[in-house]
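Step one of this worksheet: look at the structure below.
The values are calculated or read from the model by the stated rules, or taken from the named source; none is laboratory data. None of the values given here were measured: they were computed from a predicted structure. Because the Cβ atoms are built from the backbone with ideal geometry, glycine has one as well, and the counts that use them run over all protein chains shown.
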Amino acid sequence: MADTRTRARVLVTGVAGLVLTAVAIVFARLAGVTWRDWVDTYAITNIVFGVGFLLPASIIGWYRPRHPVGTLFMISGLGHLVTAASGMLLTYGLQHGWPLPLERTLVTFYFAGWQLGIGFLANIALLLFPDGRLPSRRWLPVLWLTIAAGLYETVSSVLSTGTFFGHPGVTSILNVGLVQPNLADSVFELLFIPLNIAWVTALVVRYRRGDERTKRQLLWLILALIAMIVLNTQRWITGDGPILLLLSFVMIPLAVGAAIVRHQLFDIRLVLSRTLLYGLTLTVIVAVYAGLVAAFSLFVPPTAERGAQTGAAILVAIGFTPVRLLMRRLTDRAFYGGRSDPARTAQQIGQTLHHEDDLGGVLDRTRAALRIPWIELSTADGALLAQAGTSQEGTTVEVPLRYRGDHVGTVRVELRRGERSLHTADRDTLGLIGTPLAVALHAFQLTEQVRQARVATVEAAGAERVRLQRELHDGLGPSLTSVAFRADAASNLLRSDVEAAGRLIGEVRADLRAVIDDVRNIVYGLRPIELDRLGLDGALREHVAAIPAQTEKGVAVEVTAPRPIPSLSAAVELAAYRIAKEALTNVLRHSDARNCRITLRVDDDLHVEVSDDGSRPATWRPGVGLQSIAERAEELGGAASAGPIEGGWLVTALIPIHPRAAEPAGDQGHTHRSDVSEGTAGTPSDLGSGV
């Protein structure tokens with residue numbers, strides 16, 4: 001409801017502004033006002049100011065109804081238009097002899113109207129820009145002093161004896177003969193100096209403390225202030241200047257309105273940086289030229305002044321490009337950080353990576369160096385690792401990070417407001433920064449894998465302890481207890497019934513043999529004794545030799561291995577033995593094969609292949625045994641695959657002779673196992689992701 005009333009007020013104010021403008025123009029035509037009179041009476045200035053304040057005020061009031069700057073600009077705009085309209089009415093009235101009280105009333109409005117605008121409320125609006133609040137409560141004295149100064153100027157102007165451009169008797173109707181003391185004038189003139197400093201300081205404080213949005217809004221105002229100050233340089237120095245140049249003041253409310261409603265309209269940083277670049281360059285060139293001419297005039301005769309000026313111009317022309325490049329580096333560094341020197345920026349951030357483990361701190365340093373609002377680092381699978389800055393929900397750009405040709409992560413950057421694509425210099429900088437970031441990310445991933453491997457090792461050791469505990473408690477424990485009871489019973493019967501005692505001792509002997517077999521099975525489960533006694537080749541051959549006695553299928557199994565097999569670590573031998581044994585078990589249980597071959601090959605890795613001539617179904621699904629094969633290979637950094645081939649089935653496993661941790665997904669050479677999927681006839685399926 002409040003917003004509706006505010007928008008209705010905007011419409012009413014707009015209509016009032018149009019009426020006042022029309023009154024000023026119509027009565028100026030009726031009075032025969034010339035262009036010179038328009039300028040000298042400040043009528044054109046007040047109309048432009050009035051429209052310049054009302055236009056952004058209407059936009060702010062419509063889209064930001066609760067923003068106080070919109071209301072202040074509305075009153076300011078109406079004040080200037082009241083001055084313009086009353087001035088033209090007075091001009092017409094003086095020509096046609098209007099009653100003096102009416103003329104004096106118009107003079108009162110003429111004096112008070114513009115004071116409410118640029119002399120009073122506009123300054124308060126700048127203190128409240130851009131969020132409608134003071135920078136802090138400590139700025140309340142500045143606000144009250146601004147109000148006091150504005151009220152003093154407005155009230156004193158309508159109470160004074162001032163006339164309308166020298167027409168005798170045509171003074172304010174509120175004229176009480178007030179003559180401002182010189183001391184009061186001096187005090188308020190001195191007061192405006194610290195007030196101006198305070199207003200500028202407020203902008204500086206807001207800029208330094210503000211977020212990216214606030215800084216962009218302030219840049220609009222800064223650009224307008226710079227343009228206004230430069231255009232009115234003569235007025236600041238001499239106290240007078242071309243009246244029409246005062247029209248540049250209207251850029252301030254227009255910039256404020258754009259900053260509040262559409263600060264992201266375009267890249268204001270680029271506009272302001274280029275304005276400063278060419279402004280500073282021009283200033284330096286003019287100053288150097290003037291200095292050179294003045295210096296030459298001290299050493300050359302008057303007849304050679306033209307030559308001195310020519311020499312100064314030549315020197316300035318020679319130095320123009322270096323000065324422009326220097327100014328460009330300075331302005332780019334001020335507005336865009338280190339993107340103008342990608343190599344230096346990348347080197348600084350690279351040094352940060354050497355001394356910090358905090359990726360968030362590195363990203364924050366990158367964000368500050370490039371003056372971007374937000375940056376994020378994620379892994380190749382999209383997991384967020386770190387971020388810095390505050391997102392303004394703007395356009396984002398992704399920069400992939402690669403290590404040895406593989407995608408290891410992504411840097412996501414939010415563009416500055418007004419930018420639609422990543423600047424080439426920013427991309428070059430991020431490209432250089434990406435190299436150490438990719439290395440750091442790769443190291444981070446390796447560290448995480450080591451941590452996970454340690455956790456897996458601890459869990460595996462714990463599971464093995466639980467298994468041993470169960471075997472000892474549930475198997476050996478009861479068996480040994482039974483042996484102890486039977487031995488006690490035999491001992492008790494030795495004197496009374498030797499025959500019964502002998503039977504019990506026989507049972508004890510049988511129980512002990514069973515316990516010994518259980519112990520052998522437990523030990524064999526940890527590591528087959530045959531591996532230590534016969535080696536990998538011999539252990540496989542001994543296992544195969546026992547197969548005809550264990551199966552009725554009569555599968556002919558052949559073991560092929562180099563002689564001798566190079567020295568292998570215990571872990572590699574055990575993994576290869578278990579893989580070959582599990583694959584052979586699958587052949588005996590699930591295949592109709594008549595021939596099976598186990599092949600061992602050694603180069604930089606140990607290759608285990610188990611093939612058979614069994615028939616092939618159309619589809620197949622790997623079971624627990626095949627998954628166990630893959631897990632055993634990958635525990636040592638290898639990989640395995642299995643599936644039907646032409647003429648039978650094939651299981652292959654590659655095991656590094658020197659066990660190593662598996663590399664991240666996507667690294668060349670090896671790939672981690674994901675889920676075991678179904679295979680199709682004719683194509684071995686990766687139990688991992690394949691080799």
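Things worth noting here:
- Among the residues making up the range 176-206, those that are in contact with a helix residue (DSSP H, G or I) (Cβ under 7 Å, 6 or more places away or on another chain) and either farther than 17 Å from ARG133 by Cβ or at pLDDT below 80 (or both) are VAL176, LEU178, GLN180, PHE188, LEU191, PHE192, LEU195.
- Scope the range 644-655; condition under 13 Å from GLU609 (Cβ atoms) and at pLDDT below 90; matching residues: ILE645, GLY648, TRP649
- ARG306 fulfils the conditions (1) surrounded by 11 or more Cβ atoms within 10 Å (Cβ to Cβ); (2) modelled with pLDDT of 70 or more except for a single criterion, (1).
- When ALA500, ALA539, ALA510, ALA556 are checked against the criterion of being more than 56 Å from the chain's Cα centre (by Cα), at pLDDT 85 or above and more than 25 Å from ASP603 (Cα to Cα), a single residue qualifies: ALA556.
- Residues that are over 30 Å from GLN217 (Cβ atoms), charged (D, E, K, R) and either touching a strand residue (DSSP E or B) at 6+ places or on another chain (Cβ under 9 Å) or modelled with pLDDT of 85 or more (or both) within the range 396-417 comprise just one, ARG402.
- Condition met for VAL439 (surrounded by 15 or more Cβ atoms within 10 Å (Cβ to Cβ) and either farther than 30 Å from VAL408 by Cα or in contact with a strand residue (DSSP E or B) (Cβ under 6 Å, 6 or more places away or on another chain) (or both)): no
- Restricting LEU30, LEU89, LEU102, LEU81 to those that are within 19 Å of VAL158 (Cβ to Cβ), surrounded by fewer than 20 Cβ atoms within 10 Å (Cβ to Cβ) and aliphatic (A, V, I, L, M) reduces the list to LEU102.
- When THR281, THR321, THR275 are screened for being among the hydroxyl-bearing types (Ser, Thr, Tyr), closer than 22 Å to LEU223 by Cα, at pLDDT 70 or above and part of a helix (DSSP H, G or I), only THR281 passes.
- When the range 567-600 is filtered for residues that are of a type outside the set (Gly, Ala, Ser), assigned to a loop (DSSP other than H, G, I, E, B) and at pLDDT below 85, only ASP592 remains.
- Set GLU499, GLU542: member being assigned by TED's automatic domain parsing to the domain that holds ALA593 and of a type in the set (D, E, K, R): GLU542
- Condition met for THR429 (among the hydroxyl-bearing types (Ser, Thr, Tyr), in the same structural domain as ASP364 (by TED's automatic domain parsing) and part of a helix (DSSP H, G or I)): yes
The rows are residues; the columns are (1) modelled with pLDDT under 90; (2) surrounded by fewer than 24 Cβ atoms within 10 Å (Cβ to Cβ); (3) over 41 Å from the mean Cα position of the chain (by Cα).
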| position | (1), (2), (3) |
| --- | --- |
| ALA2 | yes, yes, no |
| LEU18 | no, yes, yes |
| THR21 | no, yes, yes |
| THR34 | yes, yes, yes |
| VAL39 | yes, yes, yes |
| PHE73 | no, no, no |
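- In the range 374-415, of all residues being of a type in the set (Ser, Thr, Tyr) and part of a strand (DSSP E or B), the one that is surrounded by the fewest Cβ atoms within 10 Å (Cβ to Cβ) corresponds to THR396.
- Only one of the numbered conditions (1) of a type outside the set (Val, Ile, Thr); (2) surrounded by fewer than 13 Cβ atoms within 10 Å (Cβ to Cβ); (3) touching a strand residue (DSSP E or B) at 6+ places or on another chain (Cβ under 8 Å) is not met by ARG495, and that is (3).
- Test: PHE109 is more than 16 Å from PHE165 (Cβ to Cβ) and either assigned by TED's automatic domain parsing to the domain that holds ALA198 or at pLDDT below 90 (or both): no
- Taking residues in the range 25-54 that are more than 26 Å from PHE73 (Cβ to Cβ), and partners anywhere that are assigned to a loop (DSSP other than H, G, I, E, B), the pairs with Cβ atoms closer than 9 Å and at least 6 places apart or on different chains are VAL33/THR41; ASP37/ALA31; ASP40/PHE165.
- A residue that is part of a helix (DSSP H, G or I), on the phi < 0 side of the Ramachandran plot, modelled with pLDDT of 80 or more and touching a Lys or Arg at 6+ places or on another chain (Cβ under 8 Å) occurs somewhere in the range 438-447.
- Residues of the range 112-122 that turn out to be at pLDDT below 85, in contact with a Leu (Cβ under 8 Å, 6 or more places away or on another chain) and of a type outside the set (A, V, I, L, M, F, W, C), as a count: 0
- Which listed residue is without any contact (Cβ under 8 Å) to a residue 40 or more places away in the chain and in a helix (DSSP H, G or I), from SER496, SER482: SER482
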